[in-house]
């Protein structure tokens, strides 16, 4: 049976993608260095939040995902990041490919909210592999990629931040229901506010939230 091992060698943003895409480098090795005709490779990527330290400001921003820090012993569970697919061409023994992973900036998506909350450091990822291997000395013999095949990788937060800044410079996205959006539009019209930023600034000010330049000040 064909036996593959996987190692993640790095990650970089796709510079020419129309929407945010990360390219994860994969080192793939056939243990016995036999010829592999092709691999239809699937990968599930999970964030393992319990495997890193969080600064107080990060912990506060993660409250909507995991609750207060005193509850993290039971709430700091893995977060689904992405499902990805790549077709690996034929190779003898060892090859390297890049796995494209589309990313969402939507704050309603748990992974997007998690990345947005972090200031720096690394994100602990677990990559779980499956799919089909085509091998054999004569002809093609299909075999499954065993479900226990996996590898860990610590992705620098700066890679995600740089990619999102290139696609959405200085901005973010929030998805709301249509009825909520209609209420926001009526509020904006009644106040004659020039932009959506002004709408949120007014609402936050009336709710007692300090502007960013004041929120960090100590009395």
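Just so you know, in the range 74-128 the residues that are without any contact (Cβ under 8 Å) to a residue 24 or more places away in the chain and part of a helix (DSSP H, G or I) include one that is surrounded by the fewest Cβ atoms within 10 Å (Cβ to Cβ), and it is 74.
Could you list, ordered by first residue, the pairs with Cβ atoms under 7 Å in which the first is in the range 198-219 and under 18 Å from residue 186 (Cα atoms) and the second is at pLDDT 60 or above, at least 6 apart or interchain? Filtered contacts from the range 198-219: 199/184; 199/187; 199/188; 199/193; 202/191; 202/193. Evaluate the range 175-184: report whether one residue or more is touching a residue at least 60 places away in the same chain (Cβ under 8 Å), out of contact with any helix residue (DSSP H, G or I) (no Cβ under 8 Å at 6 or more places or on another chain), within 21 Å of residue 79 (Cα to Cα) and loosely packed, with under 12 Cβ neighbours inside 10 Å. For the range 175-184, residues touching a residue at least 60 places away in the same chain (Cβ under 8 Å), out of contact with any helix residue (DSSP H, G or I) (no Cβ under 8 Å at 6 or more places or on another chain), within 21 Å of residue 79 (Cα to Cα) and loosely packed, with under 12 Cβ neighbours inside 10 Å: present.
In the same structural domain as residue 156 (by TED's automatic domain parsing), farther than 24 Å from residue 6 by Cβ and surrounded by 13 or more Cβ atoms within 10 Å (Cβ to Cβ): is that true of residue 67 in this structure? For residue 67, the condition - in the same structural domain as residue 156 (by TED's automatic domain parsing), farther than 24 Å from residue 6 by Cβ and surrounded by 13 or more Cβ atoms within 10 Å (Cβ to Cβ) - is met.
Evaluate the range 149-165: report whether one residue or more is loosely packed, with under 12 Cβ neighbours inside 10 Å, touching a residue at least 24 places away in the same chain (Cβ under 8 Å) and touching a strand residue (DSSP E or B) at 6+ places or on another chain (Cβ under 8 Å). Within the range 149-165, not a single residue is loosely packed, with under 12 Cβ neighbours inside 10 Å, touching a residue at least 24 places away in the same chain (Cβ under 8 Å) and touching a strand residue (DSSP E or B) at 6+ places or on another chain (Cβ under 8 Å).
Considered as a group, the residues in the range 1-30 that are touching a strand residue (DSSP E or B) at 6+ places or on another chain (Cβ under 8 Å), at pLDDT below 90 and surrounded by fewer than 13 Cβ atoms within 10 Å (Cβ to Cβ) include one that is nearest to residue 81 (Cα to Cα), and that residue is 19. Before we move on, is residue 146 under 21 Å from residue 25 (Cα atoms) and part of a loop (DSSP other than H, G, I, E, B)? Spelling it out, residue 146 is indeed under 21 Å from residue 25 (Cα atoms) and part of a loop (DSSP other than H, G, I, E, B). Would the range 188-209 turn up any residue that is modelled with pLDDT of 85 or more and in a strand (DSSP E or B)? No, every residue in the range 188-209 fails to be modelled with pLDDT of 85 or more and in a strand (DSSP E or B).
Listed residues 70, 106; which is at negative phi, modelled with pLDDT under 95 and touching a strand residue (DSSP E or B) at 6+ places or on another chain (Cβ under 7 Å)?
106
The values are calculated or read from the model by the stated rules, or taken from the named source; none is laboratory data. A quick note: this is a predicted structure, and the numbers were derived from the prediction, not measured. Neighbour counts run over all protein chains shown; Cβ positions are idealised from the backbone, glycine included.
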